[in-house]
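Data first, discussion second: the structure below is written as structure tokens.
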Amino acid sequence: MKMNVPNCLTILRIFMVPVFVVFMLADVLGGADRYIAGILFIAASLTDTLDGYLARKNNQITVFGKFMDPLADKLLVCSAMICLVELGQLPGWIVIIIVGREFIISGFRLVAAEQGVVIAASYWGKFKTVAQMVMVILLVFDFGGAFDAAEQIFIWLATILTVISLVDYMYKNRGVLREVH
């Protein structure tokens with residue numbers, strides 16, 4: 001398989017995750033670690049937007065990209081949230097809801113794929129991803145002051161959009177579940 005630029009960006013995002021986690025949890029640079037982690041998270045998040053844009057623009061949508069791009073996103077965001085739980089900045093129950101939704105949708109997509117049905121990302125899912133990424137960025141940089149309110153707003157927004165997007169996926173694709181024996 002020839003690797004195109006969008007797929008290379010997806011692979012780059014996957015490789016950025018452990019580097020992000022090390023900077024997020026290590027404290028060897030006197031506080032600069034968090035800023036480096038934040039910059040890495042933003043860069044990785046931007047590759048998500050860029051790889052999708054390039055794949056559509058250049059007609060380079062591949063099976064690899066359809067599978068690995070959302071997986072890379074989940075890996076990035078879930079790793080960041082687990083780090084934030086470890087650091088006491090995010091309640092574990094919220095991360096359980098968000099990660100649980102990702103497992104449910106991934107399993108649901110596998111069942112649908114077995115039936116030859118492709119479940120595309122919905123707008124609710126895209127809004128959820130953006131809210132989660134903004135939440136992570138705010139929590140990673142942890143500017144304090146007025147940003148504390150923004151952090152709380154995005155924690156709740158990400159959680160609510162996670163639940164809404166789950167219900168939306170399940171409702172719109174309920175026919176997939178009827179076919180399961």
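The values are calculated or read from the model by the stated rules, or taken from the named source; none is laboratory data. As the structure is a computational prediction, the values presented were derived from the model and not from experiment. Cβ sites come from the backbone with ideal geometry, for glycine too, and all protein chains shown count toward neighbours. What goes into the accessible areas is simple: the full protein's heavy atoms, side chains included, and nothing from ligands, DNA or RNA. Shrake-Rupley method; radii C 1.70, N 1.55, O 1.52, S 1.80 Å.
Here are a few things to note about the model shown:
- Where a residue in the stretch 104-126 is farther than 14 Å from residue 168 by Cβ and its partner, wherever it lies, is loosely packed, with under 14 Cβ neighbours inside 10 Å and modelled with pLDDT under 85, with Cβ under 8 Å and at least six apart: 111/177; 111/180; 112/118; 115/179
- Some residue of the stretch 3-18 being open to solvent by 30 Å² or more (accessible area, probe 1.4 Å) and not in a helix (DSSP H, G or I): yes
- Condition met for residue 52 (under 20 Å from residue 132 (Cβ atoms), touching a helix residue (DSSP H, G or I) at 6+ places or on another chain (Cβ under 9 Å), open to solvent by less than 40 Å² (accessible area, probe 1.4 Å) and modelled with pLDDT under 90): yes
- Options 60, 89; residue that is of a type outside the set (Asp, Glu), open to solvent by 30 Å² or more (accessible area, probe 1.4 Å), closer than 16 Å to residue 134 by Cβ and not in a helix (DSSP H, G or I): 89
- Scanning the stretch 100-140 for residues that are hydrophobic (A, V, I, L, M, F, W, C), modelled with pLDDT under 95 and under 25 Å from residue 37 (Cα atoms) gives 127, 130, 133.
- Residue satisfying all of: in the stretch 27-48; surrounded by 13 or more Cβ atoms within 10 Å (Cβ to Cβ) and without any contact (Cβ under 8 Å) to a residue 24 or more places away in the chain; nearest to residue 137 (Cα to Cα) among these: 39
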